[in-house]
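Structure first, commentary second.
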Ligand code: C2E
Ligand code: CA
Ligand code: CA
Ligand code: CA
């Protein structure tokens, strides 16, 4: 029995070692990600429930690794956050989104807005508003075509400074969405104090909203509260028609999820935008 146990431990160790090794490999490769042009944005449409039209899309980053293939942000964003590389990666995402918006503007595709995810480190960077403005000017965009999605953890650090920075960015007509609403400790407090214009109900609530009456009521209350605060409400992770129907009945404004579309390439989104019937 003893050697059995020793054997088990060794297997476990090997697995841990593999994990550490993968982390280190990715970590080393991450430094070259921008120079080697290995990042890509996918876009997931947000549908306006009342019209069924795509009015906006969330940009979701992917790492196109030369040997490991497509790597999802859950595997490298936290690494990049630890090393500070997220600043460069975040910059790349925002500027790529702006470039794409300008491209669509020139081709008369749309109108569509793009929402970019911001990570905590990016929010500690005081030059963010200035650089955003420079990008908007460079691409001749209106601020209102850009949206920034932030979670509670993004804002944790320095409340006053975060609010000030958000206000600065809002004055450029760039709007903020509170992402993953309901998963943090003080979601309501954040909505009250920070200049958000959109609330995104986390997927975990949507998942059970039709099978559990309690979860259904929670979603309903979030929508009502959001509207009372003058916010637009988005439900994320909508996978079932039944969920979409209930959300519509509850007065939710936008839905996003696999039911309508998975995250797709810019070309595919463009196709969806061009093909949708004129309102
Ligand atoms: P998130 O902001 O909550 O993004 C939504 C995630 O849910 C995306 O995963 C999306 O593909 C997935 N999703 C959308 N609809 C459905 C659905 O109906 N069912 C299910 N099961 N999943 C759905 P993804 O693209 O892997 O992104 C994961 C997380 O990585 C994001 O969560 C976000 O926190 C982070 N992330 C993605 N792109 C960026 C980025 O450019 N910068 C930063 N800082 N973080 C990013
Ligand atoms: Ca998001
Ligand atoms: Ca989210
Ligand atoms: Ca989420």
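The values are calculated or read from the model by the stated rules, or taken from the named source; none is laboratory data. The structure displayed is predicted, hence computed values, not measured ones. Glycine also receives a Cβ, built like all others from the backbone with ideal geometry; neighbour counts cover every protein chain displayed.
Within the bounds of region 108-118, is there any residue that is out of contact with any strand residue (DSSP E or B) (no Cβ under 6 Å at 6 or more places or on another chain) and either within 14 Å of ligand 1 (Cβ to nearest atom) or modelled with pLDDT of 95 or more (or both)?
Within region 108-118, none of the residues are out of contact with any strand residue (DSSP E or B) (no Cβ under 6 Å at 6 or more places or on another chain) and either within 14 Å of ligand 1 (Cβ to nearest atom) or modelled with pLDDT of 95 or more (or both).
Name every residue in region 119-149 that is outside any helix (DSSP H, G or I), within 16 Å of ligand 1 (Cβ to nearest atom) and at pLDDT 95 or above, in order of residue number. Break it down into steps so the answer makes sense when it comes.
Filtering region 119-149 down to residues outside any helix (DSSP H, G or I) leaves 119, 125-127, 139-142, 146-149.
Now narrow it down to the ones that are within 16 Å of ligand 1 (Cβ to nearest atom): 119, 125, 146-149.
Selection gives 146, 147, 148, 149.
Quick one: how many residues across region 196-223 are surrounded by 13 or more Cβ atoms within 10 Å (Cβ to Cβ), farther than 13 Å from residue 246 by Cα and away from ligand 2 (no atom under 16 Å from the Cβ)?
1
Please go through (1) over 20 Å from residue 267 (Cβ atoms); (2) exposed (fewer than 13 other Cβ atoms within 10 Å of the Cβ); (3) within 12 Å of ligand 1 (Cβ to nearest atom) for residue 84 and return the number of the only condition it doesn't satisfy.
Failed condition: (3).
Which condition number does residue 174 fail, the rest of (1) within 16 Å of ligand 3 (Cβ to nearest atom); (2) surrounded by 20 or more Cβ atoms within 10 Å (Cβ to Cβ) being met?
Going through the list (1) within 16 Å of ligand 3 (Cβ to nearest atom); (2) surrounded by 20 or more Cβ atoms within 10 Å (Cβ to Cβ), residue 174 breaks only (1).
When you scan region 58-88, how many residues do you find that are more than 16 Å from ligand 4 (Cβ to nearest atom) and under 14 Å from the mean Cα position of the chain (by Cα)?
Result for region 58-88: 1.
Could you tell me which of the residues 183, 154 is within 15 Å of ligand 1 (Cβ to nearest atom), touching a residue at least 12 places away in the same chain (Cβ under 8 Å), crowded, with 19+ Cβ neighbours inside 10 Å and not in a strand (DSSP E or B)? Give the steps one after another, and end with the answer.
Numbers: 183 fails: crowded, with 19+ Cβ neighbours inside 10 Å.
When all the criteria are applied, what remains is 154.
Output the residues belonging to region 159-180 that are in a helix (DSSP H, G or I) and within 11 Å of ligand 4 (Cβ to nearest atom).
At the first step, the residues of region 159-180 found to be in a helix (DSSP H, G or I) are 159-170.
Result: no residue meets the conditions.
Report yes if some residue within region 30-46 is more than 23 Å from residue 138 (Cβ to Cβ), more than 16 Å from ligand 4 (Cβ to nearest atom) and part of a helix (DSSP H, G or I); otherwise report no.
Yes, the conditions are met somewhere in region 30-46.
Evaluate region 225-235: report whether one residue or more is in contact (Cβ under 8 Å) with a residue 40 or more places away in the chain, within 15 Å of the chain's Cα centre (by Cα), within 16 Å of ligand 3 (Cβ to nearest atom) and buried (at least 20 other Cβ atoms within 10 Å of the Cβ).
Yes, the conditions are met somewhere in region 225-235.
Residue 100 passes all but one of (1) at pLDDT below 95; (2) more than 20 Å from residue 198 (Cα to Cα); which number fails?
(1)
If you take the residues of region 249-267 that are within 18 Å of residue 99 (Cα to Cα) and touching a residue at least 12 places away in the same chain (Cβ under 8 Å), which of them is surrounded by the most Cβ atoms within 10 Å (Cβ to Cβ)?
Taking region 249-267 first, the residues within 18 Å of residue 99 (Cα to Cα) are 264-267.
Subset that is touching a residue at least 12 places away in the same chain (Cβ under 8 Å): 264-266.
Working: 264: 17, 265: 13, 266: 20.
Taking the candidates together, the pick is 266.
Can you pull out the helices (runs of 4 or more DSSP H) entirely within region 189-269 that have at least 2 residues that are under 30 Å from residue 171 (Cβ atoms)? Even if it seems obvious, please write down each step before you answer.
Details: elements: 203-207, 213-228, 241-249.
Qualifying helices (runs of 4 or more DSSP H): 213-228.
Looking at (1) buried (at least 19 other Cβ atoms within 10 Å of the Cβ); (2) within 16 Å of ligand 3 (Cβ to nearest atom); (3) free of Cβ contacts under 8 Å to residues at least 60 places away in the same chain, can you tell me which one residue 117 breaks?
The failed condition is (3).
How about region 88-112: which of its residues are surrounded by fewer than 20 Cβ atoms within 10 Å (Cβ to Cβ) and in contact with a helix residue (DSSP H, G or I) (Cβ under 6 Å, 6 or more places away or on another chain)?
Matches in region 88-112: 95, 109, 110.
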